[in-house]
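Peer 1: Handing you a structure now.
The values are calculated or read from the model by the stated rules, or taken from the named source; none is laboratory data. Just so we're clear, the structure is a prediction, and the values are computed from it rather than from any experiment. Please note: Cβ atoms are built from the backbone with ideal geometry, for glycine as well, and neighbour counts cover all protein chains shown.
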Amino acid sequence: MAADSDIDAVVIGAGAVGLACARALARAGHETVILERHGAIGTEVSARNSEVVHAGIYYPKDSLKARLCVEGRRELYDYLESHKLPYRKCGKLIVATDGSQLAELAGIAQRARANGVGDIRELTKREALALEPALCAEAALLSPSTGILDAHSYMLSLQGEFEDAVGMIAFRSTVTRVTREGEGFLVHVEGAEPMRLRARIVVNAGGLRAPALAARIEGLDAVHVPTPRFAKGSYFSLTGRAPFSHLIYPVPEAAGLGVHLTLDMGGQARFGPDVEWIEVRDGAEPDYAVNPARGDAFYASVRRYWPGLKDGALAPAYSGVRPKLNGPEDAAADFVVSGPEAHGVRGLVNLFGIESPGLTASLAIAEMVKEMVGE
């Protein structure tokens with residue numbers, strides 16, 4: 001690709017959301033290029049999570065997370081089914097392990113129904129144990145529409161459809177700044193092939209680096225650039241088979257959904273994530289190493305709902321970092337999909353705080369972005 005090339009749309013970031021946005025734009029007739037600083041798709045947030053298809057249970061009514069998760073979950077299951085990609089609608093149990101959590105569990109059920117999750121079911125202790133005999137629970141919620149997928153297979157499919165629509169991905173291409181040129185943008189890129197791209201549309205799907213990148217977009221008022229926060233979550237895998245067929249989640253805790261049990265497509269169980277607030281300097285890579293000592297706290301957390309977990313059964317697996325817009329003492333922040341109507345810069349959409357349920361919501365986010373730039 002030559003320097004100073006003209007293109008209709010540039011999407012920055014080739015995670016699940018960036019790929020979905022680029023696919024939607026390309027299929028709508030926009031000549032689109034993805035700029036990805038790494039050498040492959042989906043190497044950060046999209047590759048380091050629980051690979052869960054969320055139902056839309058926990059989020060405040062009318063929030064973007066609630067709406068886009070519910071819409072995106074339906075679209076995602078349809079996509080996985082029609083493209084014959086691996087997934088399993090295994091269902092999830094949200095577990096109250098003592099009487100003090102029953103009121104919170106009822107509140108979660110009420111919130112889920114308000115969000116349009118109509119299949120949520122309240123289970124008594126007897127009903128929960130009939131489904132999962134190894135469980136310790138006073139009551140539980142069953143979410144039949146929660147499932148799991150192979151995130152990489154999904155992203156490869158999005159990439160294939162984007163390229164089939166004549167889209168192009170430039171790997172090892174770091175966007176250093178975006179300046180204005182006439183009615184459009186000039187995107188400055190360093191890397192294997194330094195270049196400048198003239199574009200009418202810019203979508204910032206930079207994940208962890210989206211706020212830092214937005215701060216380098218000429219003409220965007222700083223009031224529309226949030227302060228990024230970073231929450232590292234470590235996962236531990238179970239050595240051996242788990243006696244569960246559903247995903248098991250405790251009642252949520254601050255900054256996350258607690259140390260939950262998920263299954264991969266091969267049936268292997270893993271636990272996590274925990275929450276560790278970290279600093280990530282602009283341009284630096286997070287430290288993804290899993291400290292084995294963090295597993296000590298996992299045993300107590302997991303044994304609240306699975307007393308049968310044996311000593312020494314957990315092994316460090318991997319970690320991920322979530323792009324947060326709230327600090328450790330704040331209420332969880334909503335997605336921010338900031339388009340021209342919010343910030344006044346025509347053709348620009350910034351995606352901030354796209355953590356869970358971003359993977360589930362990716363197709364719905366992409367439709368929203370496509371409509372914003374279409375206007």
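Peer 1: Got at least one residue in region 265-280 being over 26 Å from I94 (Cα atoms), β-branched (V, I, T) and in a loop (DSSP other than H, G, I, E, B)?
Peer 2: Scanning region 265-280 turns up at least one residue that is over 26 Å from I94 (Cα atoms), β-branched (V, I, T) and in a loop (DSSP other than H, G, I, E, B).
Peer 1: With the requirement that a residue be in a helix (DSSP H, G or I) and either under 30 Å from L68 (Cβ atoms) or not small (G, A, S) (or both), what does region 298-338 give you?
Peer 2: F298, Y299, S301, V302, R303, listed by residue number.
Peer 1: If you go through region 333-355, how many residues are without any contact (Cβ under 8 Å) to a residue 60 or more places away in the chain and of a type in the set (K, R)?
Peer 2: The total comes to 0.
Peer 1: Would you mind telling me which numbered condition in (1) in a strand (DSSP E or B); (2) touching a Leu at 6+ places or on another chain (Cβ under 6 Å); (3) in the same structural domain as G182 (by TED's automatic domain parsing) I34 fails?
Peer 2: Result: I34 passes all but (2).
Peer 1: A follow-up question, please. In region 161-201, how many residues are loosely packed, with under 15 Cβ neighbours inside 10 Å, without any contact (Cβ under 8 Å) to a residue 24 or more places away in the chain and part of a strand (DSSP E or B)?
Peer 2: Going through region 161-201 one residue at a time, the tally reaches 2.
Peer 1: Test L80 against the stated conditions and say whether it is in a loop (DSSP other than H, G, I, E, B), under 21 Å from the mean Cα position of the chain (by Cα) and surrounded by 15 or more Cβ atoms within 10 Å (Cβ to Cβ).
Peer 2: Here the answer is no, as L80 does not meet what is asked.
Peer 1: Let me ask you something else. If the Cβ limit is 9 Å and pairs must be 6+ apart or interchain, which residue in region 284-295 that is more than 18 Å from F271 (Cβ to Cβ) pairs with which residue that is among the basic types (K, R)?
Peer 2: Within 9 Å, the pairs are P286/K232; D287/K232.
Peer 1: So, in region 119-135, exactly how many residues are surrounded by fewer than 14 Cβ atoms within 10 Å (Cβ to Cβ) and either among the hydrophobic types (A, V, I, L, M, F, W, C) or in contact with a Gly (Cβ under 6 Å, 6 or more places away or on another chain) (or both)?
Peer 2: 1
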